[in-house]
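No value in this document is a laboratory result; all are computed from the given coordinates. Quantities reported herein were computed from a predicted structural model and do not represent experimental measurements. Methodologically, a virtual Cβ is constructed for each residue, glycine included, from the backbone with ideal geometry; neighbour enumeration extends over all protein chains shown.
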Amino acid sequence: MKKLFFLALAGMATLQLSAQNIDKIITREYTDHLIKTLSADDMEGRGTFTPGIDKAATFIESEFKKIGLQPLTGEKTFRQSFYKIKLTPEPTKLLINGQVIPQESILVTGKSPMVTFNQSNGEVIKLDTTKAFAAQYRALSRAGKKQIILVDTKFAADFKRYKSFAGRGTMLDEKDLQNPTQDAMVFVLGVNDAKEFTVEVKNKIEKLPLFNVAGMIPGKSKAKELVVFSGHYDHLGITKSVEGDSIANGADDDASGTTAMIALAKYYKAQKNNERTLIFVAFTAEEIGGFGARYFSEKLNPDDVVAMFNIEMIGKDSKFGKNTAFITGYERSDFGKILQKNLTGTAFTFHPDPYPEQNLFYRSDNATLAALGVPAHTISTDKIDIDKLYHTVKDEYSSLDVENILSTIKAIAQSAVTIVNGTDTPTRIPKLKQ
C-alpha cells in the first residue's frame, strides 16, 4: 500500500512539474504572437497561390528555425515543395442545331486541356427536373465522357452558382498532363434538344507552386516510428467585401491550429524526451482540396506513422464547455482514450465528435492518412453547426478566446506524452477500400 501511495505521489509530482514546464514554454504572450501574426491583415487571408501565403510560410519557417527543428529527411529546407496544374476554362465554342450558344448559358467541367466533339462521338443527356441539381451534377461530372447536358431553366439559380465555382478552374497533378483525358461535360441552360452540335473546349494551363512547411525532432530508441502534429495555414484570401472588409483572416480557421502545432514543437523540443520522431507540419491548400496533406502523405510510409494530431479551429469554447475539445473519429481507434488517460488529474476532457452528420473526420487534413489506416484524428473545439464566423471576413483575432487556445494546446501536449515517448501505440484505423 505504501509503495502504491508513493507511486501515486510521484505521478502527481511529475504531472505538476510537467504543467509548470508547459506554463513557462507555452505562454499567453507567445501564443498571441503566433496567432496575431498569422491572422494579420498583411497576410491577406493566406489564400493559396498568393503572396500572403508565401509570407505566412516564411514566418512559420522562421519559428521552426528558432525552435531548432530539422527539415524532413530528404529535404534541404522547411518547405516541402510541389506543383499543381490549374486548368482554367476559356470561352467554349458551342453550336447547337445551327445556333451559337452564349457563354452565360454554358458551364463546362472536365480534366482535358482541349477537346472537341459532335453528335457523332458525343452524348446528349437531359437533367431530370424531379431530382436535385447538385446530385445530378456531381454524378455527371465524374462520368469522364463527352456529353452535352441540357438543363431546364428551373435550375437557373443552381446553374449560375455552379458556373461561378467551375470558373475558378480545376486542379490536376503534373502526371495527369502526360496522358490527358478527353472528357468534357458541357451543361447548357435553356436548350430543350440537341440533334446536331459541335463543341470546342479549351482550358488555360498553369503550373503553380505549393509548399507545406514541415520540420521534425528526430526520435531516439524508436526513431523510425513517426508522430505527426499538424494544422493548415492557408485560408480564403481576399473575398467579397463586407462592410469595407475583404480580408478573410482565418484566425480560427486555421491560424489557431497552426499556432498550436508550432507551440507544441517548441514544447517537445524543450522536453528532449521523445523516443519517437516527431513531425510538425503546416499544410497548404486545405481549403481548395487538401492538396498539401495528400502530397505529404504520399511521401511517407503510412505503416511508419503511429499517430497524427491534426488541429483545426480551437479558438472558442466547445459544445461541452470550458477545458474541453472533441476528437473526430473517436470511435475508430483508442487514440482518444489514450489522450484522456494521460489527462487524469487535470480539468481537461476530450469528447467524441458531436457533429457526425457533418462528416468532419474526412473533411480535414487527417483524412488521407486515416484512409491508409493511420490513427489520424482532428482535434477541434468549433461549434460548426452554429459558427457564423466560419469562412467569413469576421474570423479575426478579436473573435478568439486565447485562453481556450492555450488550455487546448497544453492539454494536447500532456495527453500525447505516452505516444511521444513510445509507451502507448494507438490501434490502427480500418483502411478505406480503394
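Let me check against my output: what whole-number percent is the relative contact order of the chain, with C-alpha pairs under 8 Å and at least 6 apart? Present the calculation step by step, with values, prior to reporting the outcome.
Working: 885 pairs, mean separation 84.4, N = 434.
About 19 percent, as a whole number.
Would you mind calculating the relative contact order of the stretch 261-394 from Cα pairs under 8 angstrom and at least 6 residues apart, reporting the percent as a whole number?
On the way: 162 pairs, mean separation 41.4, N = 134.
Relative contact order for the stretch 261-394 comes out at 31 percent.
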Exercise. Helix 156-166: angle to the longest alpha-carbon principal axis of the chain, degrees 0 to 90, nearest 10?
Worked result: 60
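Summing -39500 (n - 2.57) over the DSSP H runs of n ≥ 4 in the chain and dividing by its residue number, what mean residue ellipticity at 222 nm do you reach, to the nearest 500 deg cm²/dmol? Walk me through the numbers before you get to the answer.
Values: 11 runs with 125 residues, N = 434.
Here the helix-only value at 222 nm equals -9000 deg cm²/dmol.
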Exercise. Going through the stretch 330-433, which trypsin sites (Lys or Arg not before Pro) have at most 14 other Cβ atoms within 10 Å and a DSSP loop state?
Worked result: LYS388, LYS431, LYS433
Problem set entry | Alpha-carbon spread of the stretch 58-146, three principal axes, descending order, Å | 67, 30, 24
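Quick check: from the Cα gyration tensor, does the stretch 145-295 come out rounded (a/c under 1.5), prolate or oblate?
Note, shape of the stretch 145-295 comes out prolate.
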Exercise. Is the stretch 323-405 best put as rounded, prolate or oblate by its Cα gyration tensor, with a ≥ b ≥ c the root eigenvalues, rounded for a/c under 1.5, and otherwise prolate when a/b is larger than b/c, oblate when not?
Worked result: oblate
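Sorting ASP41, ASP382, ASP173, ASP424 on the 10 Å Cβ count, fewest up front, what's the list?
Sorted ascending by nearby Cβ count, the order is ASP41, ASP173, ASP424, ASP382.
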Exercise. Between the helical axis of 28-38 and the dominant principal axis of the chain, each derived from Cα atoms, what acute angle in degrees is found, rounded to the nearest 10?
Worked result: 20
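Treating the beta-carbon of each Lys and Arg as +1 and of each Asp and Glu as -1, no other charges, what is the dipole magnitude of the chain about its Cα centre, to the nearest 20 debye?
On the way: 55 positive and 52 negative charges, 228 e Å.
I would put it at about 1100 debye.
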For this session: Could you work out the relative contact order of the stretch 99-195, using alpha carbon pairs under 8 angstrom and six or more residues apart, expressed as a whole percent?
Result: 48
Exercise. Just the Cα atoms of the stretch 266-396, one point each, no solvent: what log10 I(q)/I(0) does Debye give at q = 0.15, 0.23 Å⁻¹?
Worked result: -0.81, -1.57
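When N is the residue count of the stretch 99-195, what does its C-alpha Rg come to as a fraction of 2.2 N^0.38 Å?
On the way: Rg = 13.4 Å, N = 97, 2.2 N^0.38 = 12.5 Å.
Normalised Rg, Cα atoms only: 1.07.
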For this session: May I ask you to list the lysines whose Cα is less than 21 Å away from that of LYS222, ignoring any residue fewer than eight positions away on the same chain?
Result: LYS266, LYS269, LYS272, LYS299
Seminar exercise, completed: Candidate cut points under trypsin sites (Lys or Arg not before Pro) in the stretch 18-126, DSSP loop plus at most 14 other Cβ atoms within 10 Å of their own Cβ, are LYS76
Exercise. Which of ASN192, ASN310, ASN203 moves most in a GNM of the chain, Cα contacts under 10 Å?
Worked result: ASN192
Exercise. With axes computed from alpha carbons, what is the tilt in degrees of helix 51-67 against the longest principal axis of the chain, rounded to the nearest 10 within 0 to 90?
Worked result: 20
Problem set entry | the stretch 216-259: trypsin sites (Lys or Arg not before Pro) falling in loop per DSSP and having at most 14 other Cβ within 10 Å | LYS220
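Output the antiparallel fraction of DSSP beta bridges having both residues in the chain, as a percent to the nearest 5.
On the way: 42 of 74 bridges.
In the chain, approximately 55 percent of DSSP beta bridges are antiparallel ones.
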Problem set entry | Spatial separation of Cα centroids for the stretch 342-364 and the stretch 278-331, in angstrom | 12
For this session: Would you compute, for the Cα atoms of the stretch 246-314, the largest minus smallest coordinate along each principal axis and list the three values in descending order, in whole Å?
Result: 46, 28, 14
Problem set entry | Alpha-carbon centroids, the stretch 155-221 and the stretch 23-88: separation in whole Å | 27
Exercise. How many percent of the alpha carbon pairs in the chain exceed a separation of 26 Å?
Worked result: 60
